[in-house]
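The values are calculated or read from the model by the stated rules, or taken from the named source; none is laboratory data. Because the structure is a prediction, the values reported are computed rather than measured. No Cβ is skipped: glycine too gets one built from the backbone with ideal geometry, and neighbour counts run over all protein chains shown.
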């Protein structure tokens, strides 16, 4: 029986459109890529037979000559399968969540604010493994001042279930040293974070050519 002879709810492509790719089995996904079968076997039959002998991971690791030699695959379908799996691999790499391990990594991550003429106040929201959940813009200030209230920092942190936060802002003056106001603000935020159970890991100030980490400078409040 050809796939087009099956009831609509059993056809892999229609099922994907209706309910999403996550609802399809491995052999249904594979059948969509194969598109057709051979005499007496439709794409679903071929996909099931292939997956009876090898898992989807094992098929993905086969070199082109071996994959293309499998009955029902051939060179055209093998090229399509390999291309699709390579796209999936690259997409997975692109969407890997970065882990923040040093102030230098933060400096590179927020380099887009280092030459801004106004103060930009950002918060890096992290999970328990210090992986970046979200980079949040808290406020954009005037030429020489930025406003950041604890609720503006920890509101998004609570919303996104962050376990810790790193705050960052730039100094348009070019001096990355913390001001008296920076130290007072950091103390307020550290205290607010303790109440909420969200750790303020660091406050990093960036300038056009350098940065200052309050944690590295041992001026981060306890």
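If the requirement is being more than 30 Å from residue 206 (Cβ to Cβ), outside the structural domain of residue 208 (by TED's automatic domain parsing) and not in a loop (DSSP other than H, G, I, E, B), which of these qualifies: 67, 62?
Numbers: 62 fails: not in a loop (DSSP other than H, G, I, E, B).
Exactly one residue qualifies, and that residue is 67.
Report, by residue number, each residue of the stretch 149-203 that is on the phi > 0 side of the Ramachandran plot and over 21 Å from the mean Cα position of the chain (by Cα).
174, 197
Step by step: first the residues of the stretch 152-178, then only those that are over 17 Å from residue 113 (Cβ atoms) and free of Cβ contacts under 8 Å to residues at least 24 places away in the same chain, then the one that is surrounded by the most Cβ atoms within 10 Å (Cβ to Cβ). Which residue is that?
Across the stretch 152-178, the extreme among qualifying residues is 155.
In this structure, does residue 46 turn out to be in contact with a strand residue (DSSP E or B) (Cβ under 9 Å, 6 or more places away or on another chain), without any contact (Cβ under 8 Å) to a residue 40 or more places away in the chain and surrounded by 17 or more Cβ atoms within 10 Å (Cβ to Cβ)? Steps first, please.
Working: in contact with a strand residue (DSSP E or B) (Cβ under 9 Å, 6 or more places away or on another chain): yes; without any contact (Cβ under 8 Å) to a residue 40 or more places away in the chain: yes; surrounded by 17 or more Cβ atoms within 10 Å (Cβ to Cβ): yes.
So residue 46 passes the test.
For the stretch 15-30, which residues satisfy the criterion of being in a helix (DSSP H, G or I) and exposed (fewer than 15 other Cβ atoms within 10 Å of the Cβ)? I'd like the intermediate steps shown before the answer.
Here is the first cut: in the stretch 15-30, the ones in a helix (DSSP H, G or I) are 15-19, 21-23, 26-30.
Scanning the stretch 15-30 gives 17, 18, 19, 21, 22, 23.
Please work out which one of (1) surrounded by 13 or more Cβ atoms within 10 Å (Cβ to Cβ); (2) within 28 Å of residue 217 (Cβ to Cβ); (3) at pLDDT below 90 is the condition residue 80 fails and give its number.
(2)
Surrounded by 14 or more Cβ atoms within 10 Å (Cβ to Cβ) and assigned to a helix (DSSP H, G or I), is that true of residue 185?
On the way: surrounded by 14 or more Cβ atoms within 10 Å (Cβ to Cβ): yes; assigned to a helix (DSSP H, G or I): yes.
In short, yes.
Do we find that residue 33 is touching a helix residue (DSSP H, G or I) at 6+ places or on another chain (Cβ under 9 Å), assigned to a helix (DSSP H, G or I) and under 21 Å from residue 75 (Cβ atoms) in this structure? Let's see the steps before the verdict.
Details: touching a helix residue (DSSP H, G or I) at 6+ places or on another chain (Cβ under 9 Å): yes; assigned to a helix (DSSP H, G or I): yes; under 21 Å from residue 75 (Cβ atoms): yes.
Considered against the rule, which asks whether it is touching a helix residue (DSSP H, G or I) at 6+ places or on another chain (Cβ under 9 Å), assigned to a helix (DSSP H, G or I) and under 21 Å from residue 75 (Cβ atoms), residue 33 comes out as yes.
Find the strands (runs of 3 or more DSSP E) located wholly in the stretch 79-178 whose residues include 1 or more that are within 30 Å of residue 21 (Cβ to Cβ), and list them.
Strands (runs of 3 or more DSSP E) meeting the threshold: 120-126, 132-140.
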